[in-house]
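As structure tokens, the structure follows; a few thoughts come after it.
The values are calculated or read from the model by the stated rules, or taken from the named source; none is laboratory data. None of the values given here were measured: they were computed from a predicted structure. Every residue, glycine among them, receives a Cβ derived from its backbone with ideal geometry; neighbour counts consider all protein chains shown. Keep in mind that these areas ignore ligands, DNA and RNA; they rest on the heavy atoms of the full protein, side chains included. Shrake-Rupley method; radii C 1.70, N 1.55, O 1.52, S 1.80 Å.
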Amino acid sequence: MRRIFIAGNWKMHLEGRQAAELARQVARQAEDCPGIDVAVAPVFTAIVPVVEALAGSPVMVAGQNCHWEEKGAFTGEVAAEMLAAAGCRLVIIGHSERRQYFGETDETVGRKLQAALRAGLLPIVCLGESLEQRDAGQTLDVVGRQLEAVLAVFPSEQASRLTIAYEPVWAIGTGRTATAGQAQEVHTFIRQRLADKFGPDPAGQVRIQYGGSVKPGNAAELLSQPDIDGALVGGASLQADSFGAIMRAAESQGA
Ligand code: 13P
């Protein structure tokens, strides 16, 4: 059985003190949700205060990005090993905002994924189509191509360490969520591709999160789908109340 995994992507919000305060509130809410996994992804400068605020809590910390090299002349970048040393257990790779605004490609996603594994981090790899691509009927082609870059470098024996986040770009920050059926269709496709590559047992261990305007009001329905194993939450993760409500919806699904 896959444990439901709820992660909050705080994007470029909350400096250290604010982030640590929210992390403490999330940790308190997580006490009511022992059946699920929870993580938060603060900005780089808030990682250490958040790790300290979460000491003794099962809530994990994720970086929002990493570089593929271990060190070197890469001004402004942070290595996967450095995230691990700061106390991160996870790293988000290939978020659509990185692909859209910072030139990230399937190739860099593959390199970052290898770096994350080398550093002992659990990767959350984001995939998803734009509205134009969905309207043109290209959703599965686009997601399949993005997934191929992951499968090309990911060893099947580590499948249980992998999380895929399906985040349709048109649903991110727009208030427009994919319906549970639309999301499940893509998740089934992803699971099938994973099975083709890894075999059914390892594929069954990979958690596939949905992301894009997940809110307390739609979380339960999305999470009730057989291949939706969690959520990557943006806006609603910035308030302890709404993130807590999503965590509790997940906990009641998992129970
Ligand atoms: P929203 O939940 O704000 O739509 O953001 C989703 C997202 O991009 C999470 O990574």
- Note on the structure: If every Lys and Arg gets +1 and every Asp and Glu gets -1 at its Cβ, then about the Cα centre the chain yields a dipole, in debye to the nearest 20, of 260 debye
- Task: Using only the Cα atoms of region 94-209, build the gyration tensor, take square roots of its eigenvalues as a ≥ b ≥ c, and label the shape rounded, prolate or oblate: rounded if a/c is under 1.5, else prolate if a/b is larger than b/c, else oblate.
- Result: oblate
- Query: ALA86 to LEU151: FRET efficiency via 1/(1 + (r/R0)^6), r the Cβ-Cβ distance, R0 35 Å, to the nearest 0.05?
  - Reply: 0.75
- Item | Extended-chain gain in nm, criterion 0.36 nm per residue less alpha-carbon gap, ASP241 and THR105 | 45.5 nm
- For region 8-19, Karplus couplings with θ = phi - 60° (6.51, -1.76, 1.60), whole Hz, Gly/Pro x: x, 9, 7, 6, 8, 10, 6, 7, x, 5, 5, 5
- Loop-resident sites, region 7-103, for chymotrypsin sites (Phe, Trp or Tyr not before Pro), counting at most 11 other Cβ within 10 Å (DSSP): PHE74, PHE102
- GNM result for the chain, Cα springs below 10 Å: residue of GLY234, GLY204, GLY76 fluctuating most strongly: GLY76
- Would you grab the residues whose amide H sits under 5 Å from the one on GLY63? Only those 5+ places off in sequence or on another chain, please, with H modelled 1.01 Å from N. LEU90, VAL91, ILE92
- Query: Per residue, what accessible area does the chain have, given a 1.4 Å probe and all protein chains present, in Å²?
  - Reply: 43 Å²
- Task: Mind checking which of GLN100, TYR210, GLY56 is farthest towards the positive end of the chain's charge dipole, using Cβ charges of +1 (Lys, Arg) and -1 (Asp, Glu) about the Cα centre?
- Result: GLY56
- Note on the structure: Given backbone amide H placed at 1.01 Å from N, residues whose amide H is under 5 Å from that of HIS95, ignoring those fewer than 5 places away on the same chain, are CYS126
- Message: Using DSSP to call loops (not H, G, I, E or B), can you name the trypsin sites (Lys or Arg not before Pro) in region 58-164 whose Cβ has at most 13 other Cβ atoms within 10 angstrom?
- Response: LYS71
- Please go through the residue pairs LYS11/LYS112; LYS71/LYS112; LYS11/LYS197 and name each one whose alpha carbons sit more than 24 Å apart in this structure. LYS11/LYS197
- For region 71-153, what % of the accessible area comes from carbon and sulfur atoms, probe 1.4 Å? 51 percent
- Task: Quick one: grab the alpha carbon gyration tensor of the chain, order the square roots of its eigenvalues as a ≥ b ≥ c, and give me rounded if a/c is under 1.5, else prolate or oblate depending on whether a/b is larger than b/c.
- Result: rounded
- Task: Sort region 1-48 into rounded, prolate or oblate with this rule: let a ≥ b ≥ c be the square roots of the eigenvalues of the Cα gyration tensor; rounded if a/c is under 1.5, and if a/c is not under 1.5, prolate when a/b is larger than b/c, oblate otherwise.
- Result: oblate
